[in-house]
Amino acid sequence: MQEKILDFLRKEDGYFSGDQLSHKLGITRQALWKHIQELRDAGYEIVAVPHLGYRLDSAPDRLFAAEVLSGLKTKFFGRKIYYYDALSSTMDVAVELGMKSAADGALIIAETQTKGRGRLGRIWFSPKHKGIYLSIILRPKILPNQASLLTLLAAVSICEAVKDACNLDLQIKWPNDLLIGNKKIGGILTELNAEIDKVNFVVIGLGLNVNNDLKALVSQATSLKEEKKEEVNRVKLLQEILLKMEENYLLLQDKGRGKILEKWRHYNITLGRRIKVYCQKQHIEGDAVDIDTDGGLLVRRDTGVIERVLSGDVVHCR
Ligand code: BTN
């Protein structure tokens, strides 16, 4: 009901009369008043003027489903939203929902996480209302060994969305670190639920520093607000991220991986550099020459031997 009230108020430039609104919604004036109060408690500024009615002045900086859905241009990405004020990790909820056959493109979003996790067992710091912390459930028709393509796809989509929404240029460090000027601004975590030759579902997790103040970030990190020197509208940015992810997901399904790999090469800053890749107990040093068609990194050792790396931590040497 509250989503419907917001829809009506958003469509109206001026006031919407209480009589008209309660009539359209099929509820009493008293019930309408109660819903308006609840919306105010959630942070919506709704002005009420006798004889004129209600006017929506501002919405809170929250990633509420109603906010994200209003003006969302996707067909199925983010059409089903599970919103949480606080959560241990959006990944855990996404995996549970994935097992229960949640829809392709279902979105789990939290304003803060108490156990946000990054790659290689790291912690993802998730201060409340500052960043975007989300997981998306996908049911792609791909083989399990192609799942890392989705990580590349997600990284490319974030770069495109941030360019469109904030006019900032992100770079990708293989496989999925999002950087601005060598400082980390976001990261992607992909978790797979599969059988030997069939993907049941994939969860793509994204953590993005949006309105974090510099003093609250570690030295090698930055945020969009810091780079842009102004607050970023998280709802608009999230809508753009969902749109780009869906466009690229459909591109991958319709046209194959070529275009996604080409876009990834455009945004990456790893290829062509001297690197060290730390994977499990060993590390490989050499030149990052390319990625293969499944997104694996090809590293040429000084002996000339080319190694294929599927996961690990990359350090750029020069
Ligand atoms: C990385 O760079 O190591 C990946 C970080 C991924 C963090 C996101 S935040 C939303 C989702 N939930 C989590 O617990 N992790 C991912």
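Bear in mind that the values in this text are calculations on the coordinates, not laboratory data. Treat the numbers as computed from the prediction; the structure is a model and nothing was measured. When we count neighbours, we look across all protein chains shown, and the Cβ atoms used for this are built from the backbone with ideal geometry, even at glycine.
The figures follow:
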quantity	calculated
Rounded Å value of the spacing that divides the Cα centres of segment 1-18 and segment 210-273	33
Filtered trypsin sites (Lys or Arg not before Pro), segment 137-228: DSSP coil and at most 13 other beta carbons within 10 Å	Lys141
Cβ-derived FRET efficiency at R0 22 Å, Leu120 paired with Arg301, nearest 0.05	0.45
Entries in Lys34/Lys80; Lys80/Lys259; Lys73/Lys163; Lys173/Lys276; Lys163/Lys228; Lys173/Lys236 that, when Cα-Cα distance is taken, lie over 23 Å	Lys34/Lys80; Lys80/Lys259; Lys173/Lys236
Cα pair distances in segment 7-125, grouped into 5 Å bins until the bin that holds the longest one, percent each	2, 10, 15, 17, 15, 13, 11, 8, 5, 3, 1, 0, 0
Where GluC sites (Glu not before Pro) in DSSP loops with at most 14 other Cβ within 10 Å are excluded, longest remaining stretch of the chain	1-229
222 nm mean residue ellipticity, helices alone, for the chain (DSSP H n ≥ 4; -39,500 (n - 2.57); rounded to 500)	-10000 deg cm²/dmol
Residue-span extension gain [Val47 to Asp254] - 0.36 nm each, minus C-alpha spacing	69.7 nm
Relative contact order (percent, whole number), the chain, Cα cutoff 8 Å, 6+ residue spacing	14
Ranking of Trp33, Trp124 by count of other Cβ atoms within 10 Å, fewest first	Trp33, Trp124
Distant alpha-carbon pairs in segment 274-316 (separation over 17 angstrom), percent	19
Estimated dipole of the chain in Debye, rounded to 20 [Cβ of Lys and Arg +1, of Asp and Glu -1, Cα centre]	400
Calculated P(r) of segment 194-318 - Cα pairs past 17 Å, %	72
Proximal lysines to Lys141, defined as alpha-carbon separation beneath 16 angstrom and excluding residues fewer than eight positions away on the same chain	Lys198, Lys255
Among Leu25, Ile291, Ala165 - extreme Cα towards positive end, dipole of the chain, charges at beta-carbon	Ile291
Gain in span if fully extended, Leu310 to Asn182, counting 0.36 nm per residue against the direct Cα distance	43.8 nm
D (Stokes-Einstein, µm²/s), Kirkwood Cα radius, the chain, 0.692 mPa s at 37 °C	155
Calculated diffusion of segment 102-190, Stokes-Einstein form, Kirkwood radius summed over Cα pairs, 4 °C and 1.567 mPa s, µm²/s	91
